[in-house]
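Down below is the structure, laid out as structure tokens.
The values are calculated or read from the model by the stated rules, or taken from the named source; none is laboratory data. Owing to the predicted nature of the structure, the values given are computational and were not obtained by experimental measurement. In this analysis, Cβ positions are derived from the backbone assuming ideal geometry, glycine residues included, and neighbour counts consider all displayed protein chains.
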Amino acid sequence: MSLLSVNNLGKAFKVYKSELHRVGRLIGLPIKPIEENWVLRHVNFDIEPGEAIGIIGQNGAGKSTLLKMITGTLSASEGNCVVNGRIAAILELGMGFNPELTGRQNVIHAAGLMGFSGEQIQQALPDIESFAEIGEYFYEPIRTYSSGMYLRVAFSVATAYRPEILIVDEALSVGDAYFQHKCFQRIREFQEQGTTLLIVSHDRSAIQGICDRAILLENGAVIKDGNPEETFDLYNAIIAEKENSTVDVKQLKDGRAQTSSGTGEARVTEIVLYNSKGEAAEFIGVGEQVKLCIKVKVRKDIENLVLGYGIKDRLGQVMYGTNTWHTDQSVKKPKAGEEYQFIITFPANLGVGSYSIQTALTNSDTHLTGNYEWRDLALVFNMINVEKTTFIGSLWSEPTITIEEITR
Amino acid sequence: MFIMFRALWQYRYFVLSSIKNEFTTRFARSSLGGLWVIFNPLAQVAIYALILSNVLAAKIPNIGNQYSFAIYLTAGILAWSLFSDIITRCLNLFIAQGNLLKKVMFPKVVLPTIVVGTSLLDNFMLFISILGIFALLGHAPTIQILWLPILTLATLALGISFGLILGVLNVFIRDIGQAVPIILQIAFWFTPIVYPLSIIPESYRYLLYFNPMYPIVKGYQDVLVYGTAPEFTQISIILAISMVLLGFGFFLFQRASEEMADVL
């Protein structure tokens, strides 16, 4: 039995001729709404214990509505959502906190709102207090708190009891870096103990770092449910697509999906990575000097042409990326039919593993304004360690280690 | 219905701590604290007593006390303040807690329960202080005061059923929030609280039977002022009516619970 099963879930906000009609319907009169606005429809997915799932989508795609329906604060208009376990939602930290009460009183109040009994709350109080680490302030009214302390208390109580499903909305920007680490640590611990995470964020690295699956919502429907990297690629492509361009998803040999999108004024026609011997190579040694050649064909007269590229690891985290806008090398007023070759040389100071290269042809700094072509997984290569000292990680940073014995 | 009460039981700790918090935070940083709860109704009594005593005092049946008008007023206001307090609090309850209702999953029935608890607590404090004032004025309550819990229950049932219905409707039709305080004001003057029944012309008195608060207020006056038992049949009828209204209120509340979050 899965932990959470969402079956054909849909939500419509009903518009009535007047609010009197809505009330009439409540008391059982046969009145029909004049309009139904479906903000979410035909959503299906299942979640197993211990999974970490990112939910992504543009504003208004239906993410919050979906989360509220899973939490239970909004009712489904059709379909259902079966939950086997307790859900804790960090949708808004510090909901229902009263500024006049002390941190401790607010914690008791908030835990009560979560449905815990006095005894359970008393048991958890010492842990909550020590996790928040705000010292004596715990016994002061929270109107005297800094916003960071407020969030510390709020997060501590929200995660005081391990839920079966933890919903986290938007990036967890809880206070300072130290406390953020602590929060993530706690979330990971929960996950190891079998808690399923549902995370809503626009932060690619956060999602790819934690989640093993991502669901992309667009206009109230799930358009992709798969590994986070591919899902995020499609999401980026959709953002870019707003510039009336096309999105194309191609299945690569290794089963990964290559997403390309753009308005098509310029295209990458060829992309090759050469090793230090000048041979096109799929395997590169750590620290080897390599040459990346990207051929671009211009298909329409345009103002400006900028090539951007990024090297991503297996999980899709960008290791390094830049563009010719930053290097002040944009091609001015290229004409239709012209072809350019960009030759990029760099030392492959990467750790062992599989990497991919994404390319972007744009008219300026970002791919969001004039996006001619955006291509994920344009090229895949592998780093191997042939001659360097054995190391872990994705950055090769050769150390010099000296050991001296200290004699007193 | 059963599920609702079981959920309420599960949240009993939260309800109690909320009532406590609401009471303490309302007066946080005010030096008189909880005394403000009773000052408001008592000031009302003082104002009416000062202004109207000359006009109306003679009409109050003599209970052998020169302050009989003040005592009469106090009894009525004890009943009315509980009734109007509950309605006023319920009226904006769901709107004020809209954000919470949308973001946190908890049994919604907790909210009106907290209102009932808070209002009862306020009313109890007022009652205690009234007993003190009666003692100062040389008016001793009789054994009939034991009827008061039943009268309070009737007021409570009536108040919460109106409050629940109006509070739910106010979420959808916001005019109700504006209209109800006015209607309450009118109803206050259409109930013999600051004036005795005797000044209403005989031919219009039947109209009072349409005022559900009339028998209750009269009961309070019988018990606290005259030391007689309330007219039990009338109180029972009001109790029965409130139960029906309460049933409808809960029905509406339950039906609306799902839709409420959509429009908040």
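Reported count of residues in segment A:266-290, each being surrounded by 15 or more Cβ atoms within 10 Å (Cβ to Cβ), charged (D, E, K, R) and assigned to a strand (DSSP E or B), is 1.
Considering only segment B:216-229, I want to know if a residue exists there that is of a type in the set (Lys, Arg) and in contact with an Asp or Glu (Cβ under 9 Å, 6 or more places away or on another chain). Yes, the conditions are met somewhere in segment B:216-229. Being assigned to a helix (DSSP H, G or I), within 25 Å of B:Val109 (Cα to Cα) and touching a Leu at 6+ places or on another chain (Cβ under 7 Å) is a property that holds for B:Phe253.
Can you find even one residue in segment A:19-27 that is surrounded by fewer than 16 Cβ atoms within 10 Å (Cβ to Cβ) and under 25 Å from A:Glu229 (Cα atoms)? No, every residue in segment A:19-27 fails to be surrounded by fewer than 16 Cβ atoms within 10 Å (Cβ to Cβ) and under 25 Å from A:Glu229 (Cα atoms). Out of all the residues in segment B:26-38, which are assigned to a helix (DSSP H, G or I) and away from chain A (no Cβ under 14 Å)? Correct list: B:Leu35, B:Trp36, B:Val37, B:Ile38. Annotation for segment A:348-367: no member residue is free of Cβ contacts under 8 Å to residues at least 40 places away in the same chain, part of a strand (DSSP E or B) and not assigned by TED's automatic domain parsing to the domain that holds A:Cys211.
When you check B:Pro41 against the structure, is it at pLDDT below 85, more than 14 Å from chain A (Cβ to nearest Cβ), at negative phi and not in a helix (DSSP H, G or I), yes or no? In short, no. Suppose the filter is touching a residue at least 12 places away in the same chain (Cβ under 8 Å) and either within 14 Å of chain B (Cβ to nearest Cβ) or in contact with an Asp or Glu (Cβ under 7 Å, 6 or more places away or on another chain) (or both); does A:Pro49 pass it? Here the answer is no, as A:Pro49 does not meet what is asked.
Within segment B:23-39, the set of residues being touching a residue at least 24 places away in the same chain (Cβ under 8 Å) and surrounded by fewer than 16 Cβ atoms within 10 Å (Cβ to Cβ) comprises just one member, B:Gly34. For B:Gln221, are the conditions met, namely being in contact (Cβ under 8 Å) with a residue 60 or more places away in the chain, part of a helix (DSSP H, G or I) and farther than 20 Å from B:Gly163 by Cα? When the stated conditions are applied, B:Gln221 passes them. Note on segment A:182-201: residues that are surrounded by 15 or more Cβ atoms within 10 Å (Cβ to Cβ) and either under 24 Å from A:Val318 (Cβ atoms) or at pLDDT 85 or above (or both) amount to 13. B:Phe124 meets all of the listed conditions (1) without any contact (Cβ under 8 Å) to a residue 60 or more places away in the chain; (2) aromatic (Phe, Trp, Tyr); (3) within 14 Å of chain A (Cβ to nearest Cβ) but one, namely (3). Just one of the listed residues (A:Val286, A:Val290, A:Val272, A:Val268) is within 16 Å of A:Trp374 (Cβ to Cβ), at pLDDT 85 or above, assigned by TED's automatic domain parsing to the domain that holds A:Gly370 and not basic (Lys, Arg), and it is A:Val268. Here A:Asn8 passes the criteria (1) assigned to a strand (DSSP E or B); (2) at negative phi; (3) more than 14 Å from chain B (Cβ to nearest Cβ); (4) not basic (Lys, Arg) except the one numbered (2). Across segment A:202-219, what is the number of residues that are of a type outside the set (D, E, K, R) and surrounded by fewer than 22 Cβ atoms within 10 Å (Cβ to Cβ)? Residues in segment A:202-219 being of a type outside the set (D, E, K, R) and surrounded by fewer than 22 Cβ atoms within 10 Å (Cβ to Cβ): 6 in total.
Each residue in segment A:315-334 was checked for being part of a loop (DSSP other than H, G, I, E, B) and under 31 Å from the mean Cα position of the chain (by Cα), and 9 of them qualify. The set of residues from segment A:14-38 being more than 29 Å from A:Ala61 (Cβ to Cβ) and hydrophobic (A, V, I, L, M, F, W, C) comprises A:Leu20, A:Val23, A:Leu26, A:Ile27, A:Leu29, A:Ile31. Going by the conditions given, is B:Ile3 assigned to a helix (DSSP H, G or I), within 14 Å of another protein chain (Cβ to nearest Cβ) and either without any contact (Cβ under 8 Å) to a residue 40 or more places away in the chain or under 30 Å from B:Gly247 (Cβ atoms) (or both)? Taking the combined requirement at face value, the residue satisfies it. Residues that are more than 12 Å from chain B (Cβ to nearest Cβ) and either among the aromatic types (Phe, Trp, Tyr) or under 29 Å from A:Arg41 (Cα atoms) (or both) number at least 1 in the following strands (runs of 3 or more DSSP E) confined to segment A:59-177: A:78-83, A:165-169.
Residue-level check: of (1) in contact (Cβ under 8 Å) with a residue 60 or more places away in the chain; (2) surrounded by fewer than 14 Cβ atoms within 10 Å (Cβ to Cβ), A:Ile56 misses just (2).
Among the residues of segment B:221-250, those that are within 14 Å of chain A (Cβ to nearest Cβ) and surrounded by 16 or more Cβ atoms within 10 Å (Cβ to Cβ) comprise B:Leu245, B:Gly249, B:Phe250.
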